[in-house]
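A short write-up of the structure that comes next.
The values are calculated or read from the model by the stated rules, or taken from the named source; none is laboratory data. These figures come from a predicted structure and were not determined experimentally. Here the Cβ is made from the backbone with ideal geometry for all residues, glycine too, and neighbour counts use every protein chain on show.
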Amino acid sequence: MIEVNELTKRYGGTTAVKDLTFTVRPGLVTGFLGPNGSGKSTTLRMVLGLHAPTTGTVTVDGRPFRSRPRGLRHVGALLDASHVHGGRSATAHLAALARSNRIPRGRVDQVLDQVGLAGAARRRIGGYSLGMRQRLGIAGALLGDPPVLLFDEPLNGLDPEGVKWVRELFRSLAAEGRTVFVSSHLMSEMEHTADELVVIGRGELIAAESITDFAGRGSGAGVCVRTPHGDRLAALLTVEGATVRADGDLLTATGVSAQRVGELALDHRILLHEVTTRNPSLEDAFMELTADSVEYAAGETR
């Protein structure tokens, strides 16, 4: 478990993280989302003791990570796949990590096979593709068989097969009871992988909840109704407290269920040609709820 309590980090006059409080629980994949510059990487580095908080605390299974002498046995992390000596082989790189953490040498071959790099284990890392480096970084995180795992943008450079493999890996690790905390910009993958979300913007907490609850907070969810009597049905739905948008014979209503739409239409003898439920989109909710936290917004396309 990762527990963050009123965590703040300042660099001179700049506040990168402000009063963050959240918990990442075991047995779940928790996605860590936020616009560029929101403080995600700074937060992850404070979890690992690489940056010291200005105020507040962060603990892993009840203790600061820095207090653990054999860290890879407790937390595995991938922060930047490029931070590896290019002249070493994957085997040599992981063997050095294993020795420094008193991990059996046989574990190196196990994790290289697990991530699909057994055939390239003795090649120089400098010749690896970005996707191969990501796999090596994941192997390093798994090396100590830790109960807590942190990944910062682990899908960069992976092909579709690799993305699917990582998704299944994270879910299997969580199913074993581990704490899995994943930062990513790929909303579609978070939608398929994460159980819970921690969302921040400009260093402050926006949400810490299930992915279903977060997606439902966006305005993209609703009921779409096609009817020749749009004006009458829209008036009834508005009285019910729904928000209704009309586009020809198509109404989109939020704040009301499809069942209630059907009941109102039946009671008032309104013909319906089509009723569909539009599921909430994680991406739409994220864009809406972080709109005021975007530091570098693109210009409007003309």
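Overview of values
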| read-out | value |
| --- | --- |
| Search result, residues across segment 77-92 that are outside any strand (DSSP E or B) and among the polar types (S, T, N, Q) | Ser82, Thr91 |
| Wholly enclosed strands (runs of 3 or more DSSP E) of segment 1-46 bearing at least 1 residues of a type in the set (S, T, N, Q), surrounded by fewer than 17 Cβ atoms within 10 Å (Cβ to Cβ) and without any contact (Cβ under 8 Å) to a residue 60 or more places away in the chain | 2-11, 14-24 |
| In segment 147-163, the residues that are more than 14 Å from Met187 (Cα to Cα) and part of a helix (DSSP H, G or I) | Pro160, Glu161, Gly162 |
| Selected residue (only one of Ala242, Ala221 is crowded, with 20+ Cβ neighbours inside 10 Å and modelled with pLDDT under 95) | Ala242 |
| Any hit, segment 22-32, residues being touching an Asp or Glu at 6+ places or on another chain (Cβ under 9 Å), under 25 Å from Asp284 (Cα atoms) and among the basic types (Lys, Arg) | no |
| Unique match (being among the charged types (D, E, K, R), loosely packed, with under 14 Cβ neighbours inside 10 Å and farther than 22 Å from Thr290 by Cβ) among Arg63, Arg88 | Arg63 |
| Qualifying position, being modelled with pLDDT under 95, surrounded by 18 or more Cβ atoms within 10 Å (Cβ to Cβ) and within 25 Å of the chain's Cα centre (by Cα), among Leu143, Leu130, Leu50, Leu72 | Leu72 |
| Segment 128-140 residues that are in the same structural domain as Phe151 (by TED's automatic domain parsing), paired with ones that are part of a helix (DSSP H, G or I) and among the small types (Gly, Ala, Ser) (beta carbon under 6 Å, 6 or more apart) | Gly131/Gly162; Leu136/Ala90 |
| In segment 245-294, the residues that are small (Gly, Ala, Ser), at pLDDT 85 or above and in a loop (DSSP other than H, G, I, E, B) | Gly248, Ser257 |
| Qualifying residue in segment 53-61 (condition: touching a helix residue (DSSP H, G or I) at 6+ places or on another chain (Cβ under 6 Å) and modelled with pLDDT of 95 or more) | yes |
| Candidates Ala16, Ala90, filtered to the one that is among the hydrophobic types (A, V, I, L, M, F, W, C) and under 18 Å from Ala139 (Cβ atoms) | Ala90 |
| Any chance Leu205 is at pLDDT 95 or above, assigned to a helix (DSSP H, G or I) and not small (Gly, Ala, Ser) | no |
| Segment 99-115: number of residues that are in a loop (DSSP other than H, G, I, E, B) and in contact (Cβ under 8 Å) with a residue 24 or more places away in the chain | 4 |
| Subset of segment 32-88 [more than 13 Å from Leu7 (Cα to Cα) and of a type in the set (Lys, Arg)] | Arg63, Arg66, Arg68, Arg70, Arg73, Arg88 |
